[in-house]
1. Pairs please, first residue from the stretch 70-85 and farther than 21 Å from residue 160 by Cβ and in contact (Cβ under 8 Å) with a residue 12 or more places away in the chain, second anywhere and among the hydrophobic types (A, V, I, L, M, F, W, C) and in a helix (DSSP H, G or I), Cβ atoms under 6 Å, 6+ apart in sequence or on different chains.
2. Within the stretch 56-72, take every residue that is of a type in the set (Phe, Trp, Tyr) and part of a helix (DSSP H, G or I) and give me the one that is nearest to residue 102 (Cα to Cα).
3. Looking at this structure, is residue 345 touching a strand residue (DSSP E or B) at 6+ places or on another chain (Cβ under 6 Å) and either charged (D, E, K, R) or under 30 Å from residue 118 (Cα atoms) (or both)?
4. How many residues does the stretch 276-298 hold that are of a type outside the set (A, V, I, L, M, F, W, C), crowded, with 22+ Cβ neighbours inside 10 Å and without any contact (Cβ under 8 Å) to a residue 40 or more places away in the chain?
5. Mind checking whether some residue in the stretch 8-26 is touching a Pro at 6+ places or on another chain (Cβ under 9 Å), under 17 Å from residue 225 (Cα atoms) and either at pLDDT below 95 or in a strand (DSSP E or B) (or both)?
6. Tell me which residues, restricted to the stretch 53-86, are farther than 22 Å from residue 350 by Cβ and surrounded by fewer than 19 Cβ atoms within 10 Å (Cβ to Cβ).
7. Of the conditions (1) touching a residue at least 40 places away in the same chain (Cβ under 8 Å); (2) in a loop (DSSP other than H, G, I, E, B); (3) touching a helix residue (DSSP H, G or I) at 6+ places or on another chain (Cβ under 9 Å), residue 273 satisfies every one except a single condition; which number is it?
8. Would you check if residue 365 is free of Cβ contacts under 8 Å to residues at least 24 places away in the same chain and of a type in the set (A, V, I, L, M, F, W, C)?
Amino acid sequence: MLALTTAVLALHGPRVYMRGRASVAMAAEDPLLLRAARGEPVHRPPVWMMRQAGRHMKVYRDLIDKYPTFRERSEIAEVSTQISLQPWEAYKTDGVILFSDILTPLPGMGVDFDILEKAGPKIRTPVRTAAAVDAMNLMDPDEACPFVRQTLGDLRRAVGSEATVLGFIGAPYTMATYCVEGGSSSSYLEIKKMGLNDPQLLHKLLTKLADNLAEYACFQIDSGAQVLQMFDSWAGNLSPIDYDAFAHPYQRMVVSKVKARYPEVPFITYIAKSAALLERMAANGGDIVSVDWTVHMADARRRMGNIGVQGNLDPAVLLADEAVIVERTHDVLRQAGGKQHVMNLGHGIEPSTPEEKAKFFVETVKAYRY
């Protein structure tokens with residue numbers, strides 16, 4: 001029992017729960033991003049970048065010769081840890097996110113996939129029939145993804161209280177899109193046809209995915225993730241009626257299952273092309289909405305009410321002169337205000353971004369004071 005308690009404290013830090021009060025007093029050494037994500041007062045905005053570990057960094061590109069496939073780089077724990085830490089070591093970001101892919105848990109459900117360097121994700125046998133959905137099982141994360149547990153634990157030990165470790169999952173609809181389409185798509189017609197012609201089959205698939213993804217999210221938190229982000233990347237391509245049927249309820253299902261077990265862990269939701277969906281995103285039970293760059297942050301705040309925000313600098317700004325980076329970054333920070341805001345890009349960093357510009361952006365945010 002003592003060994004277990006020591007291990008839990010090593011990953012999650014001491015907490016003092018105040019009985020009979022709504023607030024929870026957390027350890028003073030908790031990192032800045034975690035405190036900001038919980039809505040606590042902070043002296044400056046925390047900052048990290050979606051896709052911060054990846055092709056824009058030379059140290060990452062140099063690893064590709066030794067580990068040529070994405071699954072090698074993300075499923076060999078030591079390599080995943082090394083890659084996850086690269087932007088933190090180079091830029092001192094306040095967040096260190098697990099280097100992985102949203103599809104990583106699929107084999108544990110009985111759905112195999114590969115990630116081709118140029119073509120992207122490929123599902124070897126698309127899930128388009130009732131038999132294929134029935135064949136999917138509830139995953140055992142420790143059996144399917146032991147490398148994720150090791151990487152998250154190693155990241156916590158590496159960064160200590162200097163940065164917050166983030167885990168992430170795909171949302172059920174986006175995961176279903178990959179499963180049904182068989183990979184990336186520009187039109188998403190296969191899953192839209194399923195929703196229109198056989199909605200019960202799609203609901204069954206989404207339910208199975210929600211159960212699995214909630215379990216996988218809890219596994220990441222148990223392994224050391226201090227904040228969890230859910231990507232519903234393709235939900236922005238849905239009409240409002242289909243979003244309300246096939247995306248929103250399953251986001252809520254995942255969030256509610258995770259919050260039932262880990263109510264204190266901040267939960268972030270991100271959707272690309274989401275300007276029309278902000279109010280819906282804010283109602284899924286999560287703590288923070290990651291806003292893309294197609295809406296003013298002040299408008300997002302006004303529309304969503306009392307919920308945290310993340311973002312939302314246009315990634316293209318990091319290709320501009322330093323004066324423009326400062327101007328645009330400060331504009332976002334002023335609009336977001338000083339409460340429960342995590343500075344980030346409105347989408348993943350572009351692979352063509354110069355490293356010195358990424359570093360300058362991070363330093364610009366870290367120099368800002370509320």
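1. 73/79; 75/147
2. Start the filter on the stretch 56-72 by keeping residues that are of a type in the set (Phe, Trp, Tyr), which leaves 60, 67, 70.
Then keep just the ones that are part of a helix (DSSP H, G or I); that gives 60, 70.
Working: 60: 19, 70: 12 Å.
Here the answer is 70.
3. Values: touching a strand residue (DSSP E or B) at 6+ places or on another chain (Cβ under 6 Å): yes; either charged (D, E, K, R) or under 30 Å from residue 118 (Cα atoms) (or both): yes.
Criteria met by residue 345.
4. Looking only at that region, the number is 1.
5. Yes, the conditions are met somewhere in the stretch 8-26.
6. The answer is 65, 66, 67, 68, 69, 71, 72, 76, 77, 78, 79.
7. Condition (1) is where residue 273 drops out.
8. On the way: free of Cβ contacts under 8 Å to residues at least 24 places away in the same chain: no; of a type in the set (A, V, I, L, M, F, W, C): yes.
No, not satisfied.
The values are calculated or read from the model by the stated rules, or taken from the named source; none is laboratory data. As the structure is a prediction and not an experimental result, all values here were calculated from the model. Backbone-built Cβ (ideal geometry, glycine too); neighbour counts: all protein chains shown.
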